[in-house]
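K.L.:
I have a structure here, written as C-alpha cells, and I will follow up with some questions on it.
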Amino acid sequence: MTWINLAKMIDVTEAEGPGLRAAIWVQGCLKRCKGCCNGQFLKIEPAELCQAQQIIGRIHYAKQQYNIEGITLLGGEPFLQAQGLAEIAEAAQKLNLSVVIFSGYLLEELLDQQFKGASRLLAATDALVDGEYIQAQTENVRNWVGSTNQRFHYLSDRYTSEIETRNLKLTNEWRIFPDGTVLGNGLPFLMR
C-alpha cells in the first residue's frame, strides 16, 4: 500500500498539458523558486494523505466521465513522492492514458539514489518538463512552462515537440464553488 501526500487534484482540465487531463498536485518541495505559482504546495507538511489506489480510482472515473487523454503530475515536487506516483502513472498507462510530469529537478538529477522510485516513474512517463522556475526568464512562446530554461523531454513516442507551440483553446481555468471558493489553475498569473 502506497501513500501520497496530495495537495490538490482536478479530475478534468485543459490547462495542465495536452488535451483533457486529470491534474494531480503533490504537497512538498525542497526547492524555493522565487515566484513559484504553487507556493502553497511547497511546505513539507501533511495535506491530504491518501492511498495511491484512491487516486487511481479517481483517474478511472475521469476517464469514464470526461474521456481524458492523460494525467499530469505537478507539485510541490513529484519526484519527492516518486514511488507512489509511479504506481499511479503505471495504472494510468494501463488505461492508455498519457503521463506528463513537471519537475524542478533536471532529468540528469532524477536518480533512484536521490529519489526512491525515480526510474520506475520515468519509465511510465511520456513527457517530462524539467528545471527550476526562474522568474527573470519568463517563457512567452512554449506552452505550460514558466521560464525559458525549462526543458521538455519526450520519453515515449506519444508526443513530439509540436505540443510546445500548439495553439491552445485556454491557458487558465477558474472554478467557482457554491460556498464562494474560487479555484484557479493553468499558466502562472498574478493576483493583485
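K.L.:
So for 26, 100, fewest C-beta neighbours within 10 Å to most, what's the order?
P.N.:
Ranked by crowding around the Cβ, least crowded first: 26, 100.
K.L.:
What net charge is computed for the residues neighbouring residue 33, neighbours being all others with C-beta under 11 Å from the C-beta of residue 33, Lys and Arg scored +1, Asp and Glu -1?
P.N.:
+1
K.L.:
Same structure, new question: At a Förster distance of 35 Å, what's the computed FRET efficiency of residue 140 paired with residue 106, Cβ-Cβ distance as r, to 0.05? Walk me through the numbers on the way to the answer.
P.N.:
On the way: r = 22 Å, r/R0 = 0.63.
Here the calculated transfer efficiency is 0.95.
K.L.:
Also, I was wondering about something else. Mind telling me which of 164, 139, 45 comes out most flexible in a GNM of the chain, alpha-carbon contacts under 10 Å?
P.N.:
45
K.L.:
Using the count of nearby Cβ atoms within 10 Å as a rough guide to exposure, how do 9, 1 rank from fewest to most? Each step should come with its number before you reach the end.
P.N.:
Numbers: 9 19, 1 7.
The most exposed by this proxy come first: 1, 9.
K.L.:
Another question about this same structure. If you only keep lysine pairs separated by 8 or more in sequence, or across chains, how many in the chain come under 17 Å at the Cα atoms?
P.N.:
Lysine pair count for the chain: 4.
K.L.:
Another question, if that's okay. Full extension from residue 167 to residue 90: what is 0.36 nm times the residue separation minus their Cα-Cα distance, to one decimal in nm?
P.N.:
Additional length available on full extension: 24.8 nm.
K.L.:
Using Cα-only point scatterers and the Debye equation, what is log10 of I(q)/I(0) for region 3-107 at each q in 0.10, 0.12, 0.13, 0.16 Å⁻¹, rounded to two decimals?
P.N.:
-0.24, -0.35, -0.41, -0.63
K.L.:
Ordered by packing density, taken as the mean number of other Cβ atoms within 10 Å over each peptide's residues, highest first, how do 70-79, 125-134, 47-56 rank?
P.N.:
70-79, 125-134, 47-56
K.L.:
On to the next question. So, in Å, what gap is there between the alpha-carbon centers of region 14-54 and region 77-93?
P.N.:
Here the two parts' Cα centres lie 12 Å apart.
K.L.:
Counting pairs of Cα atoms in the chain, how many percent are more than 24 Å apart?
P.N.:
Result: 33 percent of Cα pairs exceed 24 Å.
K.L.:
Still on this structure: Name the chymotrypsin sites (Phe, Trp or Tyr not before Pro) in region 17-71 that are in a loop by DSSP and that have at most 15 other C-beta atoms within 10 Å, would you?
P.N.:
Taking region 17-71 and a limit of 15 other Cβ atoms within 10 Å, no loop chymotrypsin sites (Phe, Trp or Tyr not before Pro) are found.
The numbers here are math on the coordinates, done by the rules we state, and not lab data. Computed from a prediction, not measured in an experiment: that's the story for all the values here. Glycine also receives a Cβ, built like all others from the backbone with ideal geometry; neighbour counts cover every protein chain displayed.
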